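The values are calculated or read from the model by the stated rules, or taken from the named source; none is laboratory data. What you see is a predicted model, and the numbers here were worked out from it, not measured in a lab. All Cβ positions, glycine included, derive from the backbone under ideal geometry; neighbour counts span all protein chains shown. The area values use the complete protein model at the heavy-atom level, side chains included, leaving out ligands, DNA and RNA. Shrake-Rupley method; radii C 1.70, N 1.55, O 1.52, S 1.80 Å.
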Amino acid sequence: MAKVLTRKAVERPAWLLWVHGLGVAPAVLFWIGVLRGMYWINPLQTAIQRSGDAAILLLLASLTCTPLAWVRGLAWVVRWRRPLGLYAFAYALVHVALYVGVDYELNWAWLGAEFREKPYLWFGAGAFLILSGLAVTSLQGIQRRLGRRWKALHRLVYVAALLVLVHLALVVKGDALRLRGEVWKPLLAGMGVGVLLGVRLLRRVRRGLSKHL
Amino acid sequence: MRFRYPLPRSSEITPEALYHSRRRFLQGALSLSAGIALAACLPASKRPVPEDETALAPQATGRADEYGDALTPFEAVTHYNNYYEFSTDKQAVAQLARDFRVRPWTVEIGGLVHSPQTFGIEDLLQAFPLEERIYRLRCVEGWSMVIPWLGFPLRLLLEQADPMGSARFVRFVALHDPQQMPGQKNPLFPWPYTEGLRLDEALHDLTILAVGLYGQVLLPQNGAPLRLVVPWKYGFKSIKAIVRIELTEEQPATLWSTVAPQEYGFYANVNPAVSHPRWSQATERRIGESGRRPTLPFNGYAEQVATLYQGMDLSVYY
């Protein structure tokens, strides 16, 4: 931890640039597409899908920070975790706001009907609730107040990642489990989540073993 | 409902040059916007006859469907295409399909028929009078369009082939050519695209084989040279680039019901009451409109087709 703090002053501008670059990139790419007239026919469908994709990508990026930080000399990467997570939440917020507010125009009767019958919405909503909670508790004051419980709370991000994965697998045209149809997105995301959770488990197991030896 | 439609000039039906020349095709695409503007300003008789037959000016005779809903703009119809053989990106299809070769093209009609036949597409285009049919197209994804198709009832073709008494279903097979259709390199789909109808659905007057839209020969991205249009079913039933039509006794397997049987049934009738695991079927977004609108049973064709399904539980046969 001490190492991280001493490096902070030197690296701040550079890493901030990268983090914000990564976070803003999906929005910029989307706007370039809009300006080039690529989405005019059904802009809402595209915007909802792209914001969802961006949220998942950034969530995975945020989850990558911790294992990367285990590598010697890369401990500072852990500081990317929070901004990337917050960007993921921002895109998730846009995603949900477009769906609820623009696509369904806050028509609660229609939304209620959708919500009752579409499991993918339950998983998506669950993930969004978790991300909202994590975003709020990532304020430094709250972080400090929560102390140890903060870490336990923020482990929920793994649950969110799994929920998002199911959400994505259910929302594509095809059957991800049978490898049929347009399923490359959930497959890639699934591999990502699998690797990221796998390395953490592996590390736990190893540590447990070395304690016993 | 029937629409009278004047037969297009033969040069309009088969502008071969269109399919061989990328440059001329592009010019055609560029003149589209001009064409729309012209069509709005000039009375039909004064519209200049384009010297170049590739100068595609949309020229539907009708302006709206029977509910009074306006036609979806030609640009949208030709640049927003759910055509996985080319791309899953709907707005990338037009570009990718630009050089798709629709000549020479033959369509086989076989299976349980007394007189199996093979048509050259040119002959097929001459074989039956073409009519304009303004149909709503409802995609299973929850968006819809109103399209003035040009085509003929599938019934006419089937009657010519003379189905045997044992024939109960019609199976359609699309072109399989991964060289031309890059999406077919995706191994996660069981190419080629196949679709099917029950024989009585296929013989229904609303069911057409389309060869054009907006008074123009069909563009590759819309399923040229020959596609099915079944307006009361979700769009994926309306198979594009057909090369074979087969009459069968058994219900044929279809691409989407093979890929995800729990959500794409064989019947796929537009039905707001039968939920779909993902997109809303209760409402839809009409391309070009800002809000959602309720989806109609059988896509608004219940009066004509509901009797086909009398006594069937449509939540089982979805």
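Here are a few things to note about the model shown:
- Checking A:Y87 against (1) among the hydroxyl-bearing types (S, T, Y); (2) closer than 30 Å to B:G288 by Cβ; (3) more than 14 Å from chain B (Cβ to nearest Cβ), the condition it does not meet: (2)
Matching residues to (1) in contact with a helix residue (DSSP H, G or I) (Cβ under 7 Å, 6 or more places away or on another chain); (2) under 25 Å from A:T46 (Cα atoms):
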{"position": "B:E263", "(1), (2)": "no, yes"}
{"position": "B:N269", "(1), (2)": "yes, no"}
{"position": "B:P272", "(1), (2)": "yes, yes"}
{"position": "B:R278", "(1), (2)": "yes, yes"}
{"position": "B:I287", "(1), (2)": "yes, yes"}
{"position": "B:R293", "(1), (2)": "no, yes"}
{"position": "B:E303", "(1), (2)": "no, no"}
{"position": "B:Q310", "(1), (2)": "no, no"}
{"position": "B:Y317", "(1), (2)": "no, no"}
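- Number of the exception - A:I41 against (1) buried (at least 21 other Cβ atoms within 10 Å of the Cβ); (2) under 30 Å from B:G142 (Cβ atoms); (3) away from chain B (no Cβ under 13 Å): (3)
- Sole residue being under 14 Å from the mean Cα position of the chain (by Cα), of a type in the set (A, V, I, L, M, F, W, C) and at pLDDT 95 or above, chosen from A:L156, A:L162: A:L162
- Test for A:L168: is it within 14 Å of chain B (Cβ to nearest Cβ), in a helix (DSSP H, G or I) and in contact with a Phe, Trp or Tyr (Cβ under 9 Å, 6 or more places away or on another chain): yes
- Qualifying residue in region A:144-160 (condition: over 22 Å from A:V19 (Cα atoms), within 12 Å of chain B (Cβ to nearest Cβ) and surrounded by fewer than 17 Cβ atoms within 10 Å (Cβ to Cβ)): no
- Region A:65-90: number of residues that are touching a residue at least 40 places away in the same chain (Cβ under 8 Å) and either acidic (D, E) or in contact with a Lys or Arg (Cβ under 9 Å, 6 or more places away or on another chain) (or both): 6
- Region A:103-129, residues that are touching a Leu at 6+ places or on another chain (Cβ under 7 Å) and either at pLDDT below 90 or within 11 Å of chain B (Cβ to nearest Cβ) (or both): A:D103, A:Y104, A:E114, A:F115, A:P119, A:Y120
- Residue match in region B:200-223 (condition: farther than 28 Å from B:R293 by Cβ, within 14 Å of the chain's Cα centre (by Cα) and within 14 Å of another protein chain (Cβ to nearest Cβ)): no
- When region B:83-102 is limited to residues that are in contact (Cβ under 8 Å) with a residue 60 or more places away in the chain and facing chain A (nearest Cβ under 10 Å), the one that is nearest to the chain's Cα centre (by Cα) turns out to be B:Y84.
- Top-ranked residue of region A:98-122 - restricted to ones that are over 19 Å from A:T46 (Cα atoms) and of a type in the set (F, W, Y), ranked as surrounded by the most Cβ atoms within 10 Å (Cβ to Cβ): A:W110
- Condition broken by B:D123, with the remaining ones in (1) free of Cβ contacts under 8 Å to residues at least 40 places away in the same chain; (2) crowded, with 16+ Cβ neighbours inside 10 Å satisfied: (2)
- The requirement of being within 13 Å of chain A (Cβ to nearest Cβ) and open to solvent by 40 Å² or more (accessible area, probe 1.4 Å) is not satisfied by B:P182.
- The single residue among A:A88, A:A125 that is open to solvent by 20 Å² or more (accessible area, probe 1.4 Å) and outside any loop (DSSP other than H, G, I, E, B) turns out to be A:A125.
- Cβ separations smaller than 8 Å between residues 6+ apart or across chains give the following pairs from region B:162-191 residues that are under 20 Å from B:P104 (Cβ atoms) and among the β-branched types (V, I, T) to residues that are open to solvent by 30 Å² or more (accessible area, probe 1.4 Å) and part of a strand (DSSP E or B): B:V173/B:V243; B:V173/B:R244; B:V173/B:E246.
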